[in-house]
Amino acid sequence: MRTRAAAALVLTAAACGGSSADLTDLAGNTGKREVIGRAYGDALPDLPPDLKQRQLDGHAEFVRNRNPASGLGPVMTGTGCQGCHDGPPAEGGTNQRLELRFGRRGADGVFDPLLSLGGPLLQDQAIGNVNGVNWVPEKVPPEANVVAQRRTTPLFGLGLVDATADATFVAVAAWQRARDPATAGRAAMVPEVGATELRVGKFGWKAAEPTLLQFNADAFVNEMGITTPIFPDENCPQGNCAALLQNPAPGVNDPDGTALHQADDFVRFLGPPPRNPYSGTGAGTFVAIGCSFCHVQTLVTAPNTVAALDRVAYHPYSDFLLHDMGALGDGIDQGDANGSEMRTAPLWGVSKQTRLLHDGRARNVHDAIVAHDGQGKAARDRFLALDPGEQDILLGFLESL
């Protein structure tokens, strides 16, 4: 009953129709206006010409394919950002590429990311024979007893998430604890490079990165092997750091961060996913069975010097908090998250996804709901208790997102 009551309050605070009146979030922030995407791949609405140009400049870096001379590798998962984010439905989306993370869980329960053996991310590509050295892709070492797939995620609207104050996510977590401690999430507290205090993690399946810039810098070094001032150290291929003495592009590959900031501009100013027309009753069911407790519809950005990001309401359908998902967890400790904890996945744009959940196991929304466990189990069970017609109505609502 507490979850249902909490859900009703969510509906009061965030009407599920995406109307222009939907400007207030659970932290009590009220936006000056509402941001709704026009089309996939469009820039944020009301972006001024100079920032539109910056995004266009960033697009060139986003679609750029690197080579060893420009710092690629020596081990990586792709040659450019677009390799994982070329859509559909537009650049900045996801082609549903799956990557591998691995580690070892000891008998004492402690997780070892096996850094000395190339973990935790498997770089499954390499630059090959360069300057007489043959660089080869990494393999999962036999010492690993935890191996998990991770699906690359869309980038639409992430500038809005970055522009939301840490205090907002902390307040949403407190709101949840006050109403239903059993299903309440918690804010991941993670380090920001160059800062002394921990920040709220918002990005990645485990909310391991606190800012969009750091999230993109992490992708530069781990996905492409491009080092930047934020992450200046190269990945050691299969953990063999001595091999880097033969690195064909030693030193920091993007020494002043120009390329990183250009790619960051492209992502930062991408608008959120558009909504499909919907007039049914599924939104009410979504709230009534408790889905909206974690998949919070509305958040409001903090004051920002960029008008397009300044105190605007947006609708990600996520609290961006960590929740214990039981058997649905991936077993990987990362950042502030343990093996069973995952960040609530945003539902905006879910209608365009062909693989769902962190490992892509679900091929439709129904199966993704049914796979929920841990703190998501109660809402899952209420979904399963609906008659087939009611389930279809709810799924119809989700297909509008």
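Quick one: length gained pulling THR305 to ASN145 fully straight, 0.36 nm per residue minus the C-alpha distance?
Gain in length upon complete extension: 52.9 nm.
Considering the options GLY87, THR228, ALA327, tell which one lies farthest towards the positive end of the dipole of the chain, charges being +1 on Lys and Arg and -1 on Asp and Glu at the Cβ, about the Cα centre.
ALA327
Can you tell me the convex hull volume per residue for the stretch 231-331, based on C-alpha atoms, in Å³ to the nearest whole number?
With only Cα atoms used, the stretch 231-331 gives 202 Å³ per residue.
Cα axis of helix 49-62 to longest principal axis of the chain: angle in degrees, 0 to 90, nearest 10?
50 degrees
How large is the Kirkwood hydrodynamic radius of the stretch 323-401, in angstrom, based on all distinct alpha carbon pairs?
13.3 Å
For the chain, what does the relative contact order come out to in percent, with C-alpha contacts under 8 Å and a separation of six or more?
23 percent.
So, with +1 on the Cβ of K and R and -1 on the Cβ of D and E, and no other charges, what is the size of the charge dipole of the chain about its Cα centre, to the nearest 20 debye?
Dipole magnitude for the chain comes out near 760 debye.
Using Cα atoms only, what is the angle between the long axis of helix 258-268 and the major principal axis of the chain, expressed in degrees (0 to 90) to the nearest 10?
So the inclination is approximately 20 degrees.
Using every Cα-Cα pair within the stretch 77-179, state what percent have a distance larger than 16 Å.
Every Cα pair in the stretch 77-179 considered, those over 16 Å come to 72 percent.
Using alpha-carbon pairs under 8 Å, 6+ residues apart, how would you state the relative contact order of the stretch 109-216 in percent?
Relative contact order comes out at 14 percent.
Read-outs throughout are calculated quantities, based only on the coordinates presented, and are distinct from any laboratory measurement. Note that the coordinates shown come from a computational prediction; the quantities given were computed from them, not determined experimentally. Using ideal geometry, Cβ is built from the backbone for each residue, glycine included, and neighbour counts are taken over all protein chains shown.
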